[in-house]
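To start, the structure under review is shown below, and the notes come after it.
The values are calculated or read from the model by the stated rules, or taken from the named source; none is laboratory data. Just so it is clear, the structure is predicted and the values come from calculations on it, not from any experiment. Glycine also receives a Cβ, built like all others from the backbone with ideal geometry; neighbour counts cover every protein chain displayed.
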């Protein structure tokens, strides 16, 4: 993107904020009953009336006022001393989002990294919670789907004080759909270009007359082709739920989800680029043949019990179990041919990953006076194994042309020796405590601490070796919120986190066991409300230090040392605005500067010029909608700008801006919706990997037409 285009986009941002201020002021009614807090009765005495807060669609539908992710208690976001964003179901539906990649524009500081990973506040984030619990069925290289999801919540910065080990950029939580007290049935069909076709049915409601027992049934299926050669994708999800109000003090929730995802022509990697970020092949190019594929088969079972001991003491206990198998058979690029620059060398990889995990967590919440006290514990067990066969050029894998690829190889002709056969058993147990203290009506203090004990056993079956590792990690958070008035609400916090080193890496130590990676963040923010709650502007600034990152020992390339340090700092601005009663806007901007402060040249994860890989300096996301109430219709426009990046070896990843549009109308019980993604069919890269694997290609223009029937 040129500097001129960037300036135009920033001017558009300014225009939106300015028009919000002026138009909202022009639409304020002069009705004294709405604006005057005092009137006179017949005797001339003043009567104090409550000010009426008016909210339009943006703040009523797109904004969530309360969330449990940041504190594990029902806490107003304005009283949460850390940045948290919630993408509501209304915004998910308006944007026609089917998978998490459709929502990045609505979360400041988040961009696509590689495959299903994201970059958040400068750091790769690949672990996702469901209802606050570990156990992501899509873990690995599969793409999370949103059919079962009601909200996407993101807590920015280290979250170790509540959730234990995790990346310092933040934590992502999916809130799943639950059985409803009111009957709700929806039948939905979608079609689109590239032979896209999907269908789903959801039914939820009471089982008995008192609605003390409730159910949910959801079935989803889709299939589509791609702009990339040989790629086809199919998803199938079955989601079942049951809720039972056992009595006035106890509620039981049960959920079961079965997932299957099959992607032909995958695992889908990038396309090689030159140092300036230009693709060396057409964006339809793919190193995989049509017989290559990636398949995920996963099941999840979750049970939770909420119990009220009395008016001030409550508890909840949740058990989540998941298992998945991810099978991958694909061709991987290993470099440009030394004899022909139009050809790439390849390997064929046959991989199977199995995971089985269970987590049980219990919380006790006491509300006494001005204190809300939380104590809890959780236990997480994860078993995983990985079997990997590999074949290369000497075993029959041919080179592939970048300009005219011919997928003629017969995999059955390959010789594929066993390359890896490993097993891993991980156990973590944590205990934590937190106090939310309302010191005054305006000042609130939150303080928390957590201790984690983790054990890991790694077995390399190919070399018949075993490594055992255990340690203890500590995490803390302290923060405060203050309400200056109803318009201005600042906050500040200090939080820490850690990530244990893997047991497999301990084998490569030159100095005994490695200490865990450690991180700490200082954050300050301002939440503001203007124009009778028609304009909400949130600003957050932060600085994160991440230490003890493993790197190659400069004196022995077969060993690792723990000396790495990375610093991330930036600012995020989120705006929700009711420009008029019909026109709303949701805008997110982030500036991030993540640099390596201590590294060796040997480790490709640390890029040239000290800049960290896949961390754009600037990001801007916009979603704006205009309603036509007289015809029950609306139109919407979206924009997503991501600034320049570099891959792990310092190659440029060019900036890009893409635009979306949608139309929606309601007719009786039918809702029709048209979504156009990448409106101008731009070719672009979302992120970079290495010189060998190149950059990951962004999705070309997609058109979806959806019809939903409520009955």
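Just one of (1) in a strand (DSSP E or B); (2) crowded, with 17+ Cβ neighbours inside 10 Å fails for residue 431. It is (2). Within region 562-609, the set of residues being modelled with pLDDT of 75 or more and assigned to a loop (DSSP other than H, G, I, E, B) comprises 579, 580, 581, 582. Selection within region 691-706: residues that are assigned to a loop (DSSP other than H, G, I, E, B) and closer than 18 Å to residue 266 by Cα. The member of this set that is farthest from the chain's Cα centre (by Cα) is 692. Of all residues in region 631-677, those that are in a strand (DSSP E or B) and surrounded by 18 or more Cβ atoms within 10 Å (Cβ to Cβ) total 22.
Just checking, which of 459, 481 is surrounded by fewer than 21 Cβ atoms within 10 Å (Cβ to Cβ) and part of a strand (DSSP E or B)?
459 is the lone residue from the list that is surrounded by fewer than 21 Cβ atoms within 10 Å (Cβ to Cβ) and part of a strand (DSSP E or B).
Filtering 260, 286, 230 for residues that are in contact (Cβ under 8 Å) with a residue 40 or more places away in the chain and either in contact with a strand residue (DSSP E or B) (Cβ under 7 Å, 6 or more places away or on another chain) or assigned to a strand (DSSP E or B) (or both) leaves a single hit, 230. Could you tell me whether region 531-550 includes any residue that is buried (at least 21 other Cβ atoms within 10 Å of the Cβ), assigned to a strand (DSSP E or B) and over 25 Å from the mean Cα position of the chain (by Cα)? The answer is yes; a qualifying residue exists. A search for C-beta distances below 9 Å between a residue of region 182-195 that is outside the structural domain of residue 215 (by TED's automatic domain parsing) and any residue that is surrounded by 14 or more Cβ atoms within 10 Å (Cβ to Cβ), counting only pairs 6+ apart in sequence or on different chains, returns nothing.
Being over 18 Å from residue 109 (Cβ atoms), in contact with a strand residue (DSSP E or B) (Cβ under 8 Å, 6 or more places away or on another chain) and modelled with pLDDT under 95 is a condition met by at least one residue of region 610-621. If you filter region 612-630 down to residues that are assigned to a strand (DSSP E or B) and free of Cβ contacts under 8 Å to residues at least 60 places away in the same chain, you find that the one that is nearest to residue 123 (Cα to Cα) is 626. Among residues of region 100-129 that are closer than 22 Å to residue 269 by Cα, those with a beta-carbon under 9 Å from a residue that is part of a helix (DSSP H, G or I) and modelled with pLDDT of 90 or more at least six positions away or on a different chain give the pairs 102/92; 103/91; 103/92. Scanning region 678-688 for residues that are in contact with a strand residue (DSSP E or B) (Cβ under 7 Å, 6 or more places away or on another chain) and in a loop (DSSP other than H, G, I, E, B) gives 678, 679, 680, 682, 684.
Do you know which residues across region 180-227 are part of a loop (DSSP other than H, G, I, E, B) and over 25 Å from residue 286 (Cβ atoms)?
Restricting attention to region 180-227, the residues satisfying the condition of being part of a loop (DSSP other than H, G, I, E, B) are 180-183, 193-195, 207-212, 226-227.
Passing the criteria: 180, 181, 182, 183, 207, 208, 209, 210, 211, 212.
Per the listing 124, 116, 108, the residue uniquely more than 20 Å from residue 589 (Cβ to Cβ), assigned by TED's automatic domain parsing to the domain that holds residue 593 and not in a strand (DSSP E or B) is 116.
Based on what the data block shows, is residue 253 crowded, with 16+ Cβ neighbours inside 10 Å and not in a loop (DSSP other than H, G, I, E, B)?
On the way: crowded, with 16+ Cβ neighbours inside 10 Å: yes; not in a loop (DSSP other than H, G, I, E, B): yes.
Criteria met by residue 253.
Summed over region 112-124, the residues that are surrounded by fewer than 21 Cβ atoms within 10 Å (Cβ to Cβ) and over 20 Å from residue 235 (Cβ atoms) give a count of 1.
Taking the condition over 30 Å from residue 701 (Cα atoms) and free of Cβ contacts under 8 Å to residues at least 60 places away in the same chain, does residue 247 pass? Criteria met by residue 247.
Does residue 636 meet the test of being at pLDDT 95 or above and either in contact with a helix residue (DSSP H, G or I) (Cβ under 8 Å, 6 or more places away or on another chain) or not assigned by TED's automatic domain parsing to the domain that holds residue 120 (or both)? Against the criterion (at pLDDT 95 or above and either in contact with a helix residue (DSSP H, G or I) (Cβ under 8 Å, 6 or more places away or on another chain) or not assigned by TED's automatic domain parsing to the domain that holds residue 120 (or both)), residue 636 qualifies.
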